[in-house]
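The values are calculated or read from the model by the stated rules, or taken from the named source; none is laboratory data. Since the model is a prediction, treat every value here as computed from it, not as a measurement. So basically every Cβ, Gly included, is an ideal-geometry build from the backbone, and we count neighbours across all protein chains shown.
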Amino acid sequence: MQDTQLLNEGLALMGLGMGFVFVFLTVLVIVTTLMSKAIGRFFPEPVAPEAPARGGARAQASQGDDVMVAISTAVHRYRRRHRR
Amino acid sequence: MTEKILTLWTGSGLYNLSLGQAVMVLVGLLLLWLAMAKKFEPLLLVPIGFGGILANIPEAGLALSAAEQAAHLARPALLEQMAATLQLGLDPAAGIDAWRHTLTEVLHGDVSPALLRAANDMAMDAGFAHGMLYQFYSVAIASGIAPLVIFMGVGAMTDFGPLLANPRTLFLGAAAQFGIFATLLGAVGMSAMGWMDFSLNQAAAIGIIGGADGPTSIYVSSILAPELLGAIAVASYSYMALVPLIQPPIMKALTSKREREIVMTQLRPVSKLEKIVFPLALLILVVLFLPDAAPLLGMFCFGNLMRECGVVERLSDTAQNALINIVTIFLGLSVGSKLMADRFLAVETLGILALGMVAFAIGTACGILMAKLMNAVSRMPINPLIGSAGVSAVPMAARVSNKVGLESNPHNFLLMHAMGPNVAGVIGSAVAAGVMIKYLG
């Protein structure tokens, strides 16, 4: 008698819990999607990507040059050392 | 002279070592070996294993409260006083050893907190003190602090980027929580069949092992079933370490080779503002719908906000490194204190270990089935392998998804895609924990 009651309570908790987890996460999905859309529309990242794009392009190019110099020096030295 | 040698001998560990304690010391050594040789969650199993050995040192009583120590060592007069405080009659004919036994049993069993406090006060007045591990336990776990601080650190380590880029992966995290509730039902069923004797609270605490989230399971069991905490924590952390062994067979059994080869579309970049707003949005939802999950998810969101807002680098760094390490040490030792022979060595422990494994397997399977369903319904392709990452266990489960995916298609990197359901699983199990605490607490 008591056992079936325990089982029933377990089943109730399972239904309730699983239902709630799904409802909560569904609401979270909706809220997150809305939030992302709102942010995408009203604050479309002008600050973040543009600043690096403008200042960054040049910096990146010069950085690329530096890297090329470093690599070629390293390769040069390596070859010289290993020729001996 | 012989009398003194005899006193030394009767006071020695060897003389007093019970069989159970010897077994538990071996269990402690086994945990240490698993941590060192097999690299099973060493950060936790080393403190837990060592704490377990310390808790089972005979006569030292490191894990005992003052009243329990007194019941073990005090003079008959004090024993009688304590029995009176606990509203207990001692049979004068039974002899002192029987008295000690009865008192210990009562102190372990269901005694009201007020009486327990009175008994503890009496023992402390008589010069007995709480054991070291008992103190650690009451500060770190009984108060609920250690799991929450660890949750804050986990929040500070979590990057919600992949989840924000593809919010629907939250459903995978929800589906994998089915393991929790299925196990709860399993535990209740075992009691109904008469194999074990679990109450609904204990069944809920066991089920949460399926959440594959150490701090959450410790937090829930410290509230719902503190007497099972040792077994639950050990099961939870050992299975988290076993994720790479438990999951792949289930994943392969439930998916076809073709499904495992599905290539997912590149995730969109997520702006910094979105990452800052997300923890706040999550917190507001918790406030609105489930205040009982507020301790866990509140700390989680707080840690994540510290990480993303970018103005408190120092705090975020402390939360995810120094602080979480300090707390892990005390959490591990406190869990170890619950590995005392007379409470850990029971049939129930075996039941918990078995149920925990089932919880993991069911959670993994449900995550994968949900991913298959979503793949069938949605336009965007979803590789079912990322579903198994819905059982939190960050980041191990996501790595397993990635690894199994690479076995089928060496150019298919699923790691970032699997991180979405992975952190969704953390949120999902915290929500499930909140529901359980609300319903039963």
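What the table shows:
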| item | result |
| --- | --- |
| Whichever residue in the stretch A:18-28 is surrounded by fewer than 19 Cβ atoms within 10 Å (Cβ to Cβ) and of a type in the set (A, V, I, L, M) and, among such residues, is farthest from the other protein chains (Cβ to nearest Cβ) | A:Val23 |
| Selection from the stretch B:97-110 of residues that are touching a residue at least 12 places away in the same chain (Cβ under 8 Å) and either surrounded by fewer than 12 Cβ atoms within 10 Å (Cβ to Cβ) or closer than 18 Å to B:His130 by Cα (or both) | B:Arg100, B:Leu103, B:Thr104, B:Val106, B:Leu107, B:His108 |
| Of residues in the stretch B:389-441 being within 14 Å of chain A (Cβ to nearest Cβ) and surrounded by fewer than 24 Cβ atoms within 10 Å (Cβ to Cβ), the one modelled with the lowest pLDDT | B:Gly441 |
| Condition check for B:Ile362: assigned to a helix (DSSP H, G or I) and touching a Phe, Trp or Tyr at 6+ places or on another chain (Cβ under 9 Å) | yes |
| Check on B:Glu261, on the phi < 0 side of the Ramachandran plot, surrounded by fewer than 20 Cβ atoms within 10 Å (Cβ to Cβ) and modelled with pLDDT under 95 | yes |
| Verdict on B:Leu350 being surrounded by fewer than 20 Cβ atoms within 10 Å (Cβ to Cβ), closer than 30 Å to B:Leu133 by Cβ and without any contact (Cβ under 8 Å) to a residue 40 or more places away in the chain | yes |
| Some residue of the stretch B:311-318 being touching a residue at least 12 places away in the same chain (Cβ under 8 Å) and buried (at least 24 other Cβ atoms within 10 Å of the Cβ) | no |
| Pairs with Cβ under 7 Å, 6+ apart, first in the stretch B:404-427 and free of Cβ contacts under 8 Å to residues at least 24 places away in the same chain, second surrounded by 24 or more Cβ atoms within 10 Å (Cβ to Cβ) | B:Leu415/B:Ala398 |
| B:Leu297 vs. criteria buried (at least 20 other Cβ atoms within 10 Å of the Cβ), assigned to a helix (DSSP H, G or I), within 12 Å of another protein chain (Cβ to nearest Cβ) and in contact with a helix residue (DSSP H, G or I) (Cβ under 7 Å, 6 or more places away or on another chain) | yes |
| Residues within the stretch B:250-292 that are among the charged types (D, E, K, R) and within 14 Å of chain A (Cβ to nearest Cβ), tallied | 5 |
| Residue ranges of helices (runs of 4 or more DSSP H) in the stretch B:1-109 with at least 1 members more than 26 Å from B:Phe128 (Cα to Cα) and out of contact with any Ser or Thr (no Cβ under 9 Å at 6 or more places or on another chain) | B:2-10, B:19-37, B:42-55 |
| Count of the stretch B:227-269 residues which are assigned to a loop (DSSP other than H, G, I, E, B) and in contact (Cβ under 8 Å) with a residue 12 or more places away in the chain | 9 |
| Residue that is farthest from B:Pro244 (Cα to Cα), among those in the stretch B:371-388 that are free of Cβ contacts under 8 Å to residues at least 24 places away in the same chain and either among the aliphatic types (A, V, I, L, M) or in contact with a strand residue (DSSP E or B) (Cβ under 9 Å, 6 or more places away or on another chain) (or both) | B:Val377 |
| Residues located in the stretch B:270-290, provided they are under 28 Å from the mean Cα position of the chain (by Cα) and in contact (Cβ under 8 Å) with a residue 12 or more places away in the chain | B:Phe278, B:Pro279, B:Leu280, B:Leu282, B:Leu283, B:Val286, B:Leu290 |
| Total residues in the stretch B:86-110, condition farther than 23 Å from B:Ala60 by Cα, of a type outside the set (A, V, I, L, M) and more than 34 Å from the chain's Cα centre (by Cα) | 5 |
| Flag if B:Met357 is in contact (Cβ under 8 Å) with a residue 60 or more places away in the chain and either in contact with a strand residue (DSSP E or B) (Cβ under 7 Å, 6 or more places away or on another chain) or more than 14 Å from B:Ala212 (Cβ to Cβ) (or both) | no |
| Single residue of the stretch B:134-144 satisfying the filter (surrounded by fewer than 24 Cβ atoms within 10 Å (Cβ to Cβ) and touching a residue at least 60 places away in the same chain (Cβ under 8 Å)) that is nearest to B:Tyr219 (Cα to Cα) | B:Gly144 |
| Residue identified as facing another protein chain (nearest Cβ under 9 Å) and either in a helix (DSSP H, G or I) or over 17 Å from B:Ala430 (Cβ atoms) (or both) among B:Leu163, B:Leu148, B:Leu133 | B:Leu163 |
| Residues that are more than 7 Å from chain A (Cβ to nearest Cβ), part of a helix (DSSP H, G or I) and surrounded by fewer than 22 Cβ atoms within 10 Å (Cβ to Cβ), drawn from the stretch B:187-221 | B:Met190, B:Met193, B:Asn201 |
| Failed item in (1) within 14 Å of chain A (Cβ to nearest Cβ); (2) within 18 Å of B:Ala182 (Cα to Cα); (3) surrounded by 24 or more Cβ atoms within 10 Å (Cβ to Cβ); (4) under 20 Å from the mean Cα position of the chain (by Cα), with B:Cys366 passing the rest | (4) |
| Selected residue [outside any helix (DSSP H, G or I) and either hydroxyl-bearing (Ser, Thr, Tyr) or at pLDDT below 95 (or both)] from B:Leu339, B:Leu331, B:Leu273 | B:Leu339 |
| Residue satisfying condition, being within 14 Å of another protein chain (Cβ to nearest Cβ) and assigned to a helix (DSSP H, G or I), within set B:Gly179, B:Gly153 | B:Gly179 |
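Residues are listed down the side, and each one gets a yes or a no for (1) closer than 13 Å to B:Met340 by Cβ; (2) of a type in the set (S, T, N, Q):
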{"residue": "B:Gly11", "(1), (2)": "no, no"}
{"residue": "B:Gly51", "(1), (2)": "yes, no"}
{"residue": "B:Thr85", "(1), (2)": "no, yes"}
{"residue": "B:Thr102", "(1), (2)": "no, yes"}
